[in-house]
Structure formats: C-alpha cells, structure tokens
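No value in this document is a laboratory result; all are computed from the given coordinates. Just so it is clear, the structure is predicted and the values come from calculations on it, not from any experiment. Note: ideal-geometry Cβ built from the backbone for every residue, glycine included; neighbour counts use all protein chains shown.
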Amino acid sequence: MISEKVKQSFIRIVGSENYDDSKAGRLVYSYDATPQFQSLPDAVIAPRNTKEVSEIVKICNEHRIPLVPRGSGTNLCAGTCPIEGGVVLVFKHMNKILEIDEENLTVTVQPGVITQDLIKAVEEKGLFYPPDPSSMKISTIGGNINENSGGLRGLKYGVTRDYVMALEVVLANGDIIRTGGKLAKDVAGYDLTRLFVGSEGTLGVITEATLKLIPMPETKKTMLALYQDLEAAARSVSKIIANKIIPTTLEFLDQPTLAVVEDYARIGLPTNVKAVLLIEQDGPYEVVERDMKKMAEICQEEQAVSVQIARSEAEADALRTARRSALSALARLKPTTILEDATVPRSEIAKMVKAINEIAEKYNVKICTFGHAGDGNLHPTCPTDVRDREEIERVEKAFEEIFAKAIELGGTITGEHGVGAMKAPYLEWKLGKEGIEAMKAIKQALDPNGIMNPGKIFAKSERKRVVVTR
Amino acid sequence: MTTAKERATIQQQFQTRMNEDELMNCMRCGFCLPTCPTYIESGFQESHSPRGRIALMKAVVDGLIEPDEDVERSLNMCLGCRACEPVCPSGVRYGHLLEEARDIIAQNKKYSLFVRIIRKIVFSGLFPHQNRMRLLTALVGFYQRSGLQSLARRFGLLNLLPRHLTTMEKVLPTVPTWKEMNDRPKQLTPQGIKKRRVAFFTGCLMDTMFMKTNDATMELLQRAGCEVVIPPAQACCGALHGHGGEKHQAKELAKRNIEAFEQLNVDYIVTNAGGCGAFLVEYDHLLKDDADWAERAKAFTRKIKDISEVLVELNFHETKLKVKPQVVTYQDSCHLRNVMKVANAPRQLLQAIEGAEFREMKDADRCCGSAGIYNIVEPEMSMQILDYKMQMAKQTKATTIVTANPGCLLQMKLGIEREGLSSHMRAVHIVDFLLEASGE
C-alpha cells in the first residue's frame, strides 16, 4: 500500500499526470505476456529522467515499496508482473535515441526505445544491431537488456548481452552508477555491465545504455530444407557447423508444428515431412554464395527430401512463411498458448526434440516444437486452456519433465525468456543450492531491502504457483 | 457518469454477454500495440491499446474491476479501426468484442437528455430513413446554394462552432438537389459484352451527400461489363449503429438489406465505401444467434465485394486510363483493409493510370482519425491523428490523395484545409479518380 503522504511525494517528483493509481490504470499494468500471471500494482509511475528515477527509488527503499521496471510487457517469464504489488515504472518518456556514434560504432539510448526503431535508425547509417527477439516491433531496449533477449540471429551474432557496452543504473539506494564505456577493452574492476544484463530488474533500474553496432552485411540468402527424418536434420545442423560455416539463421520446425502451420497458412508444404530447416546466410556476396552452395550440399548428403534456395527477396519471404507463421498457427488452436524455451547444446537437438514428443505423448498434451536449431534454443509450445485445471496440471508436469531433460542433456531451463516468477521454482535445478546462494548474496548486497522486482528469479517455494490476484 | 446501479447491471451483462473464449484468446503478447493509433498518440498508454482494452473487458467480466468511468473512457477512445486484428497471432476479433462492450454500456447507461436526443435523432430518426437523409442533404444543398453559406461565412457565424466543425463545413461536397436524389436508377445495362450481373449497395450518405461518387461507381461498373441492379428497398448498412452501441437497430437494418438483395440472383453485391462494406461482410456475425437469419446472412456476406476488387477482376486496369501528370498517394480505408482485406486492388488500379505517379505514403495503413463519428465526438485525439497523417502525406509530395471511404475522404479534405494546402492538394474517392482517368 502507498500512503497518501508517500503518494504526494511521488507526485511532487513526476507531476500528477505521470502518477496513476486509478483502478483501470493499475489493471492494464497487472500483466505481461505470460499466461496465468496477473497481479495489480499500487501505482504506475512514468519518470521523465534518471534523476526522477533515483528519487522514486529512494522513496520506495525508505518505505519498502516494491518497484517493477517495465518496458512493453512482452516477456514470457512473468518478469514484469508486479506479483507483490508496489510501483510499476514505465519508460514512455525516456524513449530517445541519444546518439549514434559512427566513429566508435555505438548507439546510446534511453530504456524506452523500441527495439525495431533502434534497428531502423542505425540501418539508415549502414550499421547493424543484430539482436532480433520476435517481439522487436514493440519490445523496448530496456526490456531486452533486463531479460538478455535473444532472437533468430543469435547463432552467428550472439544475444543482447554481446552488444551492451555501458550502462547507467539507478541502484536500490538511489545511487546512480555508470558501468563500462565505449571501449572494446576495459578491465577496470568487476564487469558490472554483464551483471546487470539479464538481471530482470532485480538489482537496479537501467536508465541508459550504450550498445555496440557492427557494419551492415552486404547480402543475404535464404534456403529451406525438408527432411523425412529428424536425426538427419539434426546431423545437417552439426555438419554445417563442423564445416566451419556459421549461418546467420538456422531455424527448425518439427512435424506437429509443420502440420499446424500448413493447416493455417496453406503454404503447400508436405505435412508428412519430419523436420524443416530454414537457413540463412549473410555477408559479402562471394562468401554467402559459397556457404549457401556448401550448406545445400550438406543437406542433400544428409537425405533432405527437398532443398530450395530463394532467387529473389520475394522467394526468400515465401520460404520464411512457415517459420514466421509458427506462432500464429499455434496460438489459434486453443485460448492459452504456453511458449517455452528449453535450450540444449546444439549437438543434443535431435535427442531433445524426440524427448519432448515422448513427454507430450506420456502426459497426453499437444506440444509442437520449433526454434533456433543453430544455437540449441527450442520453443516447445503447448496450446491449452487455463480453464481446464486438470489439463493444465498435466501440461505443467510435462514441462517440468522437459526442463529436467534439458538439464540432463547439458542444457538450461531458459535460453532467452528469463526466469522471472514463472521459472523461479526450477532455477535450482540448473544452478544447484550453492549457485543460488551465490546469486542471493549479490542480490542482498545491492538490494538489502528486497524492493527491486521482488518474487523474481528466486523462488519462495519450490512448487510452482499459479494465478495470483491481489 | 454511471450510477452504482448502472455499473452493477453493466458488469452483470458483461458476464453473460461477452464472448469469454474471444477474451481468453488474447495472449497479451503486445504485437498489436505498435499498430494502434491511440496507443501511439496517447504517448504509449496501455489503457489506450487493444491489449489494455481487452484486459479491462476481461477484468470487468472477472469482477476484478467495476466498469467505471476510466474503463468507459478507454473504450470510447478506441477508433475501432481494427488495425490490431491482422497482426494478432491468435486472431482475436477485437472489433466484435468492442462492439459488444459498447452496446452493453450504451444500453444500460442513462445519458444526459441532450445526448439522448442526439442519439435518438441520429440512430433512429435519420439514418434508417433514406427519405429523411435526402431531406437533410437537400437542406444542406439549400444552405450551399441560397447564399446562406456565403452569408454565414462572411459574418463569421461559423466561428461560433468549434474549429474542427468550422473546417468540416468548408470541406462538405457540393451536394445534389432534392430532385436529383429522388431520381435514381434501378437497373443499368453493361457497356459492351455482359461479364457479370451485380447489385450495387448505395449506402445512405453515399447516395445523398456523395451521390456523384455513386454515379461514378455505377458508370465504372457498366464500363467494366456489369449489368447493375440497384434495389430501392435497401437501407443504411447499420455500421454507425453497430459501432455506437445500438446493435439492435443494426440487426433490423441488416435484415432489411438481406431481404432487399437475396432474390436478385447476382454474382456480387458491390460496395464503394470501406466502412459500409466491412459491416455488410460481417452480417453473418451480427445475426449468428438468430436462427431464421443466420444462413441468409451468410449467403449475403459471401457476395459482398469492394468496387476496386471487381474492377481488377474484370481487368479494368488494363483499359486506357490517363490523367494529366501528377503525384498520387493512397490512404487506406481501415475497414476496407483490416476487415474486407482489400489493400492491393486500389493500389493496382492507381498504378495502372498513365500520368499518375503513385507514391506509397508511410503508414498509409494507419487510421486517419475519421472513424465514423469519432472526429466529432473525440476531436482532440482525432485531430492529433490527422496531423500525423498530413505530415506523412506531405512527405510524398502528392497533389492527389485517394481514399476509398466517405469518412476518410472528408477527413483528408479536412486535413488539407487545416494545413492550408487546398490550393495544390486534393482528396478524391478512388472511383471518381478512375472515372476521371477513364474519360468522363
């Protein structure tokens, strides 16, 4: 609860137009894109600059008010659901691109900048910001940094973490710190930049970021390969990499996904094939040509039943349709769509996909798998209905087993969505008790009062909890 | 303001009437946000986004919140442009949810006497009665022709109105006379070989205020090889009622139209207004729970087709079309694009015109802010959206802005007037432009 006195001090900082505690105003910030999580904040505050953020944080710290920084609320781990109430911070005013530095190849932004706007702005200068989460048309850079978002181009270019060079962060006590710099080399002390990337708002509020840019690749080509055998597709992936080729995209759809996609988009893909690979390469023209030729050969050697290389952008777009439609096709099947991101070393992909299909059968639930084969990041997706409690129980058990299997294969419970509240009960499986303790020690040191996005990353109980309504 | 008792009734009706499956289908991914004009123009307020509005509707159903003023405000602020629908991965039919919610609120809320009278006049007194629409238009004609208009303008009487209405007065087309409006064709023969037999849905405003555009439409259909039937028993499509929380009246109008068209044995029922077409094409949804009408509505909706698609199908774009050299751009009608799914045909036609250099406008698919009567009831947001639109229009350097719906057409004219560009920029309906290109 926020007392009238505290409310007035917030209003003195941001103005009454940027403080909302109306019922409707709070309700629309009670959720993010994660199914089964909803909880009302006590107020929604839109600060206009770092100083205001710092003042707000100080008040929250003094009065032990939870604080949840939120971008566009597109995350899939309940990372921005205010499960303990408190203040939701929105960055609609702090959404400027501050500088594109063409000499140092960096861009400096405020956290509320939309990812795609940033990508477009730097592309106009012939520069490239590779991280491309599926939600990039609306996700914010602040959100991407806090969740360490991945994307389709992760295999070749890495994820958000690999592009964050410097941060401005407001700590839980209101201190404003700057980490890193426009520096390729910098070993002055702990690498706090990396610590804050992916910290899910639990350590501080990111108020500015300097990101690394690279030159725009000259060309790009697209190819689609179909397989009658899952292992053959997986072998193609391993062999491509073993041949020292790192494609920019190496996406995968399994048979259940393909059947659903074909039913929805009517692309004309044979639904009896067991796996589809969408492969793209970018770079200098000659290199792209050579790599595409080699990869096509590898796919054919591995018994692909069809290999198509697009000759134009329109054809490339057609080949991408299947992968692009996957989410839409799956989301339409049932009211609730649970999209997970279990990740394994890429050598284990075939084993993982097989295990997922067996687990789905065991619990009698529908799970379709697609994802980023190149980096082992899979998206087992379950169309279900939260109103069917009995089925949801089975779905949760199936996913528990999927997480366990991923860890058994040397993988992780989450590749790019984050832990949040959703996966907190499983984190210990990945990190062990000692790992969790080490992380808790960091949390305790930076946020002793536990006001920064409480209830995220660290579970209160081991068993999963479901809908929260405050 | 609603009373506590009204709110309780509204809440209870939300629980019984709102389609829970449709509400559940929203997975809150947020992919709709960047397409929502009010989300953008409100400075990224979630309560003015489709995801936020669905969450509010669901919260009212779930009993998490009351349908208070803020909820109503959020729903009122929606343009109903439905740009959120094509991008929705789950295919949520947001427009249907909005319509139902607005109907529940409108039917259970006691409006002020003034608003009640206005709603009564517009929804019951005027639009369902074509003769009264003609009379009103004739009065406008009298105002324009008798010298009253120039008097009113000279003495600054119009300055008593809010600014956007003053400008609106300026951009009204010169309307037809009483006699012209009462002398409408019922059947027209094709020019050359008969390729199709079509019925023409004339619409209420289109057949009065914009009668010239209707004439142009019929002329084009004839030139393209269509026999055209115009059943006199047809009525207003009911879109205004449906969007404004008067669903019951919309259904009555739908039935009248189905009856008027179903026996005609035509290939298509042609429309030239995206707003009407989109409402007609969803009659099946409107009447889905009415056993006597559901099937007849389905048969009706299957025949609805926009004029631009008919023309492309009949290869009209391959005939000689020529205008004097000019840069042309196209503003999508939201309902034509997002509901009728027609986006290519108008562009294809425009690109076929010799002399017209077609330049795509940035965000041409974003609403212009007209949105039925939105520009009258929510002028501030509407004008903010229009100002953005005009910036984009100016960037194209176009001298002709083409649209495909009367509301959009008036709004673009309003935009041109507001920007002081009327000396070198015009807005036209696509059929008028095509007729100009085809030789009048």
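Could you calculate the contour length gain from B:ARG119 to B:LYS322, that is, 0.36 nm times the residue separation minus the distance between their Cα atoms, to one decimal place in nm? Walk me through the numbers on the way to the answer.
On the way: separation 203, 0.36 × 203 = 73.08 nm, distance 4.47 nm.
Extra length available between B:ARG119 and B:LYS322 comes to 68.6 nm.
Could you tell me the calculated FRET efficiency between A:THR271 and A:GLU99, based on Cβ-Cβ distance and R0 = 45 angstrom, to the nearest 0.05? Mind dumping the intermediate values first?
Values: r = 50 Å, r/R0 = 1.11.
It comes to 0.35.
For the stretch A:83-127, the set of GluC sites (Glu not before Pro) satisfying both a DSSP loop assignment and a count of at most 10 other C-beta atoms within 10 Å is given as A:GLU103, A:GLU124. Partner aspartates and glutamates whose Cα lies under 12 Å from the Cα of B:LYS251, excluding those fewer than 8 positions away in the same chain, are identified as B:GLU282, B:ASP284, B:ASP289, B:ASP290. By the rule of a C-alpha distance below 21 Å, with chain neighbours fewer than 8 residues away ignored, the lysines paired with B:LYS194 are B:LYS186, B:LYS303, B:LYS305, B:LYS320.
Packing here is the average count of other Cβ atoms within 10 Å per residue, and on that basis the peptides B:153-160, A:317-324, highest first, run A:317-324, B:153-160.
Our analysis of the stretch A:219-408 gives Rg over Rh at 0.99, with the two radii drawn from alpha carbon positions and Rh computed by the Kirkwood formula. The distance between label points at A:GLU124 and A:LYS220 comes to 1.9 nm (points 7 Å beyond Cα on the Cα→Cβ vector).
Multiply the residue gap between B:LYS179 and B:THR166 by 0.36 nm, knock off their C-alpha separation, and tell me the result in nm, one decimal place.
Values: separation 13, 0.36 × 13 = 4.68 nm, distance 2.79 nm.
That works out to 1.9 nm of additional length.
For the stretch A:217-299, the equivalent ellipsoid derived from the alpha-carbon gyration tensor has semi-axes of 25, 15, 9 Å in decreasing order. So what's the angle, to the nearest 10 degrees on a 0 to 90 scale, between helix A:349-362 and the longest Cα principal axis of chain A? The two axes meet at around 80 degrees.
Take the alpha carbon gyration tensor of the stretch A:218-264, find the square roots of its eigenvalues, order them as a ≥ b ≥ c, and report rounded if a/c is under 1.5; if not, report prolate when a/b exceeds b/c, else oblate. Oblate shape, in that a/c is at least 1.5 and b/c is the bigger or equal ratio. Listed by chain and number, the lysines whose C-alpha is less than 25 Å from the C-alpha of A:LYS221, apart from same-chain residues fewer than 8 away, are A:LYS120, A:LYS125, A:LYS137, A:LYS156, A:LYS212, A:LYS239, A:LYS244, A:LYS274, A:LYS293, A:LYS294.
Could you tally the net charge around A:ASN357, taking each other residue with its Cβ under 15 Å from the Cβ of A:ASN357, Lys/Arg +1 and Asp/Glu -1?
Working: positive: A:LYS274, A:LYS351, A:LYS354, A:LYS362, A:LYS366, A:LYS405; negative: A:ASP229, A:GLU231, A:ASP254, A:GLU340, A:GLU348, A:GLU358, A:GLU361, A:GLU401.
Neighbour charge sum, excluding A:ASN357 itself: -2.
Residue-normalised convex hull volume from the C-alpha trace of the stretch A:97-215: 99 Å³ per residue. Computed from the Cβ-Cβ distance with R0 of 25 Å, the FRET efficiency linking B:LEU139 to B:SER112 stands at 0.45. What is the stretch B:112-266 by shape, rounded, prolate or oblate, if you read a ≥ b ≥ c off the alpha carbon gyration tensor as root eigenvalues and call it rounded for a/c under 1.5, prolate for a/b larger than b/c, and oblate otherwise? Oblate shape, in that a/c is at least 1.5 and b/c is the bigger or equal ratio.
When the listed pairs B:LYS110/B:LYS255; A:LYS220/A:LYS354; B:LYS212/B:LYS413; B:LYS212/B:LYS255 are checked against a 22 Å cut-off, the alpha-carbon distance exceeds it for B:LYS110/B:LYS255; A:LYS220/A:LYS354; B:LYS212/B:LYS255. Take each peptide in B:400-413, B:380-393, B:128-141, A:157-170, count the other Cβ atoms within 10 Å of every residue, and average; sorted highest first, the result is B:400-413, A:157-170, B:380-393, B:128-141.
Which FRET efficiency value, to the nearest 0.05, do you get for B:VAL377 and B:HIS285 by plugging their Cβ-Cβ distance into 1/(1 + (r/R0)^6) with R0 = 30 Å? Kindly include the intermediate steps, with their values, before the conclusion.
Values: r = 25 Å, r/R0 = 0.82.
E between B:VAL377 and B:HIS285, to the nearest 0.05, is 0.75.
Take the alpha carbon gyration tensor of the protein assembly as shown, find the square roots of its eigenvalues, order them as a ≥ b ≥ c, and report rounded if a/c is under 1.5; if not, report prolate when a/b exceeds b/c, else oblate. Judged from the Cα gyration tensor, the protein assembly as shown comes out prolate (a/c at least 1.5, a/b above b/c).
How large is the translational diffusion coefficient of the stretch B:173-251 in µm² per second when you combine the Kirkwood radius over alpha carbon pairs with Stokes-Einstein at 4 °C and 1.567 mPa s? In µm²/s, the coefficient rounds to 94.
Just flag the trypsin sites (Lys or Arg not before Pro) in the stretch B:219-261 sitting in loop per DSSP whose Cβ has no more than 15 other Cβ atoms within 10 Å. List each step's numbers first, then the result.
Numbers: sites: B:ARG223, B:LYS247, B:LYS251, B:LYS255, B:ARG256; in loops: none.
Listed in order of number, the matching sites amount to none.
Cβ crowding within 10 Å ranks B:VAL342, B:VAL266 as B:VAL266, B:VAL342, fewest other Cβ atoms first. Per-residue 3J(HN,Hα) values for the stretch A:322-330, derived from phi via the Karplus relation 6.51 cos²θ - 1.76 cosθ + 1.60 with θ = phi - 60°, read 4, 5, 5, 7, 3, 5, 4, 5, 6 Hz in sequence order (x marks Gly and Pro).
A crude spin-label estimate for the pair B:GLN191 and A:GLU358, with each label 7 Å from Cα along the Cβ direction, gives 7.3 nm.
With only the Cα atoms considered, the stretch B:179-311 has a convex hull volume of 97 Å³ per residue.
The modelled label-to-label distance for the pair B:GLN263/B:GLU313, using points 7 Å beyond Cα in the direction of Cβ, is 2.4 nm.
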